There are 2 protein chains.
Amino acid sequence: MSINGKNLLGNEESSTGEHHFNAVDPASGEQLDITFTEATEEEVDLAVQKAEQAFPVYPKLPNKQRADFLEAIAFELLESGDELIKRCMSETALPQARLNGERIRTVNQLKLFASVIREGSWVNARIDTAQPDRTPVPKPDIRQMQQPLGAVGIFGASNFPLAFSVAGGDTASALAAGCPVVVKAHPLHPGTSELVGRAILKAANDTGMPEGVFSLVQGTSVDVGMAIVTHPLITAIGFTGSFKGGKAIFDAANQRKVPIPVFAEMGSTNPVFILPGAISERGDSIASGLANSVNLGVGQFCTNPGLLISQHSESSEKLVADLAATLSEQSGGTMLSSGIKNSFDSGIAEISETFGVAKLTPGRESSGNTVSGTLFSTDEETFLSNPSLAEEVFGPSSVHVSASSKVKLLEIARSLEGHLTATIHGTEADLEEYAELVVILERKAGRLIFNGYPTGVEVCHSMVHGGPFPATTAPQSTSVGTLAIHRFTRPVCYQDFPHSSLPDELKDENPLGIHRMVDGDWE
Amino acid sequence: MSINGKNLLGNEESSTGEHHFNAVDPASGEQLDITFTEATEEEVDLAVQKAEQAFPVYPKLPNKQRADFLEAIAFELLESGDELIKRCMSETALPQARLNGERIRTVNQLKLFASVIREGSWVNARIDTAQPDRTPVPKPDIRQMQQPLGAVGIFGASNFPLAFSVAGGDTASALAAGCPVVVKAHPLHPGTSELVGRAILKAANDTGMPEGVFSLVQGTSVDVGMAIVTHPLITAIGFTGSFKGGKAIFDAANQRKVPIPVFAEMGSTNPVFILPGAISERGDSIASGLANSVNLGVGQFCTNPGLLISQHSESSEKLVADLAATLSEQSGGTMLSSGIKNSFDSGIAEISETFGVAKLTPGRESSGNTVSGTLFSTDEETFLSNPSLAEEVFGPSSVHVSASSKVKLLEIARSLEGHLTATIHGTEADLEEYAELVVILERKAGRLIFNGYPTGVEVCHSMVHGGPFPATTAPQSTSVGTLAIHRFTRPVCYQDFPHSSLPDELKDENPLGIHRMVDGDWE
């Protein structure tokens, strides 16, 4: 497949707009070939209209056929071979091994969602059978299942050009739910996006999907995204990115005539509590584990550990010194763009200038968009009186807070806003003594990790990649794992419907053989 | 128990405010005894602070003990005997039989939620076991369940003083989820609210619940409600009432520093499509069924059928004429308040004045707050060009729209906004011919009814009492039935946690014996 810089509106290629842009190689700073054309409002409208036209057809196709579609996307992503990886490397400066791994994750993610819809029980079917003789009023027959919302708008993410973005978790879960998708490509990797978009369209055509089930629009301005968010036929939004971007979309969606749900994952600092027993037992390995986690993907992970909390002790001081030393030794990496690099520099500068905060890693000469891991240290008073220290600096940076006592450590925990993850390093004895910490952190994050590191998000049935605001705008959901499918559905019940008009999922004979609740019992 | 007009802040009674009000008997227009004191901002704050203090304790109590609490509330509601019903009759003008029935429904609703939490599977536990040998990276152990959000604010509803309001569906589901509740009593039935609030507090104390698990605040001004909605420690809102009220709460909640979910059920006109076969087969019985449904509870039901659509034919004309005749014969009823009566009168006047709309029922002399069933008729052009005809007039009123063809009938269906329910009267042959109508209505409502009437909402596992905006602000949820519990929870997952720190729901040995998904399979 080749890239031509056009918007993919269903099977129609279009580039009627006047705004053009090229991708930039973040390593060299040079413009890449292929000029992309920003989608016009009319093009966005056409994409959404096509999605709306596909909607009555697409979710009613047999589960097997829709599962085949998702698996065909996985196949096409593998078929795209080196061409995809090379373009992605040049647009993101991410190393080949990482991108190959990310593609495999994406392929497996699509296959996992395919298996979920092929099996079919995800619709949470519930049946309450009639009791015509009940007094004082007969009990009707009521049957309920999850149904898809309609056309969904999805925003590409800069930091996961394959595992999120065009064919990633948001798209996979929306397509699995039965929703046509209009993706706004991330402008940092438009060519990667187009290649993946073409793979999806080929898969759609090969498996007999209705046109409009997928469209891809390009653009650098916020207008393109807002045209999707405010389009009356869009029924939900998936987003992974900055707080500023996610919050603006959330606000615009709520101010629509008909508000729609926004599933914005806006990142967090992912606090890591290192308890005394763990420090004594294996302070060294925690220091090296944290260094790897801070630096992973040049710190450009939503689950990057940006906040470390421990109680003051000699061994705690040593752990922090070890971590600073390791970060100082490890080589830097190239960030995704000069914009992200500049934001990182500003964030580092702001923290450095905060009274009471010490920078423990040396400033190093950097060339182009290269940065290296940075560690700060502060005390509880400084931290508690400077809320901005708990905010995310996107990149390889972390702030260590030294608590003078258990009471203060718990106070720090209580002061936290919502995060995607919260981690505790401890022994079993630590956990017993700090049982209250678990109770506090359960309210602060979607995922609690014990003796591990927050980076690395397993795609499975029990994953929660979400958390209270400001980590997300939708704490009741996850954007990774099979439960993500429910973001794009709502329950519908059918009262006294004849079997001929009921979905297969709700028929007495259970033709799909799915797991259902009947009269309160799971069968 | 006796009423003293004070706010119930946990176990503390308080009336420090300067604003006072009395309930009014809607039948006589006379003030009732007992003066109520509107809660101050400080009193609301105290109620919420107590709820927050109860939160770490309450959801961690054994399921059995919390189930006992809900059942004890049911017991206390029955114990409140005639005193409760009499006060409620005088505050609402609803007849004794209706209120006795509503109390039984409320009691059964509490018992149903008690059974759900006693059984325990509602938390949707999912376990993915570790694969330490997986390459390239080991798979961690991840376990997930629903956890409660925190303190919840609930607004009493005027039209269901028992089944909603203080101990109704919202409170029962929030308490079942593990959330302490602060209820804003509806000012039309403050005495009923206080009696029910006292019943809940007695049950809480009898079953050893922490203080603050329930509070009740009174007031007529919006300030009291907004003090709850904007309180930083409130984590979600349950509301049943007008579009104006629900939308204002939704907007305020989204503009908070930390936005919170608002589950506002704002009513709808519940379109009823009467297809040709059904009219021929049993037009008479449909007319009489509709008359009863329109007049039920003096039309003050969220599911009142306010919109009837059929294709023009002689038998369709006859059905409409029969319905008008029946409504004209049936005696009127007293509305819940003079304010509601005045709104009804204005709504009727507005429709009456719409060019192209005919009023088919005579204006009747009414005394006090008495109104009688009203039917309008119009054609498709008038309906499609006057969107306000599809809006709810709270009370016993319905608009019949005559479609000139099947195509036009489907166009009317497509033009609809979100509703709580949509009903189809038809034969099996009708359903076959109008299969597209089902597909359209699936997107318009939370509950589809076949050959029935929308009034009467079964409290069961498969009920969806919800629907797309503007019927609700949260189309992905229900406010009636056991699924309502999920409004007040969010998923939390635990990665590599030692068993000693895991909730019982997630331990290997499954001590609660609940239904769980393990490695993708339901056990």
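Any chance you could count how many residues in the stretch A:427-442 are under 21 Å from B:PRO491 (Cβ atoms) and within 7 Å of chain B (Cβ to nearest Cβ)? Number satisfying all stated conditions: 3. For the stretch A:464-507, the set of residues classified as free of Cβ contacts under 8 Å to residues at least 60 places away in the same chain and of a type outside the set (Gly, Ala, Ser) consists of A:VAL464, A:PRO468, A:PHE469, A:PRO475, A:GLN476, A:THR478, A:LEU483, A:PRO498, A:HIS499, A:ASP504, A:LYS507, listed by residue number.
Condition check ((1) crowded, with 21+ Cβ neighbours inside 10 Å; (2) within 12 Å of chain B (Cβ to nearest Cβ); (3) touching a Lys or Arg at 6+ places or on another chain (Cβ under 8 Å); (4) not in a loop (DSSP other than H, G, I, E, B)) across all residues:
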{"residue": "A:LEU84", "(1), (2), (3), (4)": "yes, no, yes, yes"}
{"residue": "A:CYS88", "(1), (2), (3), (4)": "yes, no, no, yes"}
{"residue": "A:GLU91", "(1), (2), (3), (4)": "yes, no, no, yes"}
{"residue": "A:ALA97", "(1), (2), (3), (4)": "no, yes, no, yes"}
{"residue": "A:GLY101", "(1), (2), (3), (4)": "no, yes, no, yes"}
{"residue": "A:GLN109", "(1), (2), (3), (4)": "yes, no, no, yes"}
{"residue": "A:ILE127", "(1), (2), (3), (4)": "yes, yes, yes, yes"}
{"residue": "A:PRO136", "(1), (2), (3), (4)": "no, yes, no, no"}
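Hey, any hits in the stretch B:12-32 for a residue that's within 14 Å of chain A (Cβ to nearest Cβ) and either within 22 Å of B:ILE340 (Cβ to Cβ) or charged (D, E, K, R) (or both)? No, the stretch B:12-32 has no match at all.
Looking at A:THR421, A:THR378, A:THR374, just one residue is in contact with a strand residue (DSSP E or B) (Cβ under 7 Å, 6 or more places away or on another chain) and within 14 Å of chain B (Cβ to nearest Cβ), and that residue is A:THR421. Is one or more of the residues making up the stretch B:451-463 within 18 Å of the chain's Cα centre (by Cα), of a type in the set (Asp, Glu), facing another protein chain (nearest Cβ under 9 Å) and under 26 Å from B:PHE160 (Cβ atoms)? Yes, the stretch B:451-463 has at least one match.
Looking for something part of a helix (DSSP H, G or I) and not charged (D, E, K, R) - is there at least one such residue anywhere in the stretch A:178-190? Taking every residue of the stretch A:178-190 in turn, at least one turns out to be part of a helix (DSSP H, G or I) and not charged (D, E, K, R). For the stretch A:515-522, does any single residue satisfy the condition of being within 29 Å of the chain's Cα centre (by Cα) and in a loop (DSSP other than H, G, I, E, B)? Yes: the stretch A:515-522 contains one or more residues that are within 29 Å of the chain's Cα centre (by Cα) and in a loop (DSSP other than H, G, I, E, B). Checked across the stretch A:64-72, the condition of being over 29 Å from A:GLY299 (Cβ atoms) and among the polar types (S, T, N, Q) holds for at least one residue. Within the stretch B:507-518, restricting attention to residues that are within 17 Å of A:HIS461 (Cβ to Cβ) and out of contact with any His (no Cβ under 8 Å at 6 or more places or on another chain), the residue that is nearest to the other protein chains (Cβ to nearest Cβ) is B:HIS515. Going by what's in this entry, would A:THR35 be described as farther than 28 Å from A:LEU296 by Cα, touching a His at 6+ places or on another chain (Cβ under 7 Å) and of a type outside the set (Asp, Glu)? Taking the combined requirement at face value, the residue satisfies it. Among the residues of the stretch A:483-506, the ones that are out of contact with any strand residue (DSSP E or B) (no Cβ under 9 Å at 6 or more places or on another chain) and more than 7 Å from chain B (Cβ to nearest Cβ) come to 2 in all. Would you pick out the residues in the stretch B:359-378 that are modelled with pLDDT under 95 and either among the basic types (Lys, Arg) or loosely packed, with under 14 Cβ neighbours inside 10 Å (or both)? Selection gives B:PRO362, B:GLY363, B:ARG364, B:GLU365, B:SER367. Here the stretch A:467-511 is the region considered, the condition is being more than 31 Å from the chain's Cα centre (by Cα) and among the aliphatic types (A, V, I, L, M), and the residue that is farthest from B:GLU436 (Cα to Cα) is A:LEU506. Note on the stretch B:411-438: residues that are surrounded by fewer than 17 Cβ atoms within 10 Å (Cβ to Cβ) and either closer than 25 Å to B:THR472 by Cβ or among the acidic types (Asp, Glu) (or both) amount to 7.
For the structure I just gave you, tell me whether B:VAL152 is at pLDDT 95 or above and within 14 Å of another protein chain (Cβ to nearest Cβ).
Judged against the criteria, B:VAL152 is a match.
Restricting to the stretch B:466-475, count the residues that are out of contact with any helix residue (DSSP H, G or I) (no Cβ under 8 Å at 6 or more places or on another chain) and either within 9 Å of chain A (Cβ to nearest Cβ) or under 20 Å from A:LEU448 (Cα atoms) (or both). Matching residues across the stretch B:466-475 total 5. Of the residues screened, B:TYR494 is one that is in contact with a helix residue (DSSP H, G or I) (Cβ under 7 Å, 6 or more places away or on another chain), farther than 29 Å from B:SER242 by Cβ and modelled with pLDDT of 95 or more. Consider the stretch B:138-149 and keep the residues that are of a type outside the set (Asp, Glu) and over 33 Å from the mean Cα position of the chain (by Cα). The one that is nearest to the other protein chains (Cβ to nearest Cβ) is B:ILE142. Which condition from (1) assigned to a loop (DSSP other than H, G, I, E, B); (2) surrounded by 24 or more Cβ atoms within 10 Å (Cβ to Cβ); (3) out of contact with any Asp or Glu (no Cβ under 7 Å at 6 or more places or on another chain); (4) away from chain A (no Cβ under 14 Å) is the one that B:VAL166 breaks? That leaves (1) as the condition not met. Would you call A:HIS400 in contact with a strand residue (DSSP E or B) (Cβ under 6 Å, 6 or more places away or on another chain), crowded, with 22+ Cβ neighbours inside 10 Å, at pLDDT 95 or above and within 14 Å of chain B (Cβ to nearest Cβ)? Criteria not met by A:HIS400.
Pairs are defined by a Cβ separation below 6 Å, a sequence spacing of at least 6 or placement on different chains, a first member in the stretch B:290-312 that is hydroxyl-bearing (Ser, Thr, Tyr), and a second member that is part of a loop (DSSP other than H, G, I, E, B); the pairs so defined are B:SER293/B:PRO305; B:SER293/B:TYR453; B:SER293/B:THR455; B:THR303/B:ASN270; B:THR303/B:PRO454; B:THR303/B:THR455.
Is there a residue being among the hydroxyl-bearing types (Ser, Thr, Tyr) and at pLDDT below 95 anywhere in the stretch B:2-19?
yes
If the condition is being assigned to a helix (DSSP H, G or I) and hydroxyl-bearing (Ser, Thr, Tyr), then the stretch B:35-68 contributes only B:TYR58. Residues that are surrounded by fewer than 17 Cβ atoms within 10 Å (Cβ to Cβ), under 17 Å from A:ALA39 (Cβ atoms) and aliphatic (A, V, I, L, M): does the stretch A:205-216 have at least one? Checked against the condition, which is being surrounded by fewer than 17 Cβ atoms within 10 Å (Cβ to Cβ), under 17 Å from A:ALA39 (Cβ atoms) and aliphatic (A, V, I, L, M), the stretch A:205-216 yields no hits at all. When B:SER221, B:SER313, B:SER268, B:SER293 are checked against the criterion of being among the hydroxyl-bearing types (Ser, Thr, Tyr), more than 20 Å from the chain's Cα centre (by Cα) and within 30 Å of B:SER404 (Cα to Cα), a single residue qualifies: B:SER313.
With the structure loaded, tell me whether B:GLY101 is free of Cβ contacts under 8 Å to residues at least 60 places away in the same chain, small (Gly, Ala, Ser) and either in contact with a Ser or Thr (Cβ under 8 Å, 6 or more places away or on another chain) or over 30 Å from B:GLY395 (Cβ atoms) (or both) or whether it fails that test. Judged against the criteria, B:GLY101 is not a match.
The values are calculated or read from the model by the stated rules, or taken from the named source; none is laboratory data. These numbers were taken from a predicted model, which means no experiment stands behind them. Note that each Cβ is placed from the backbone with ideal geometry, even for glycine, and that neighbours are counted across all protein chains shown.
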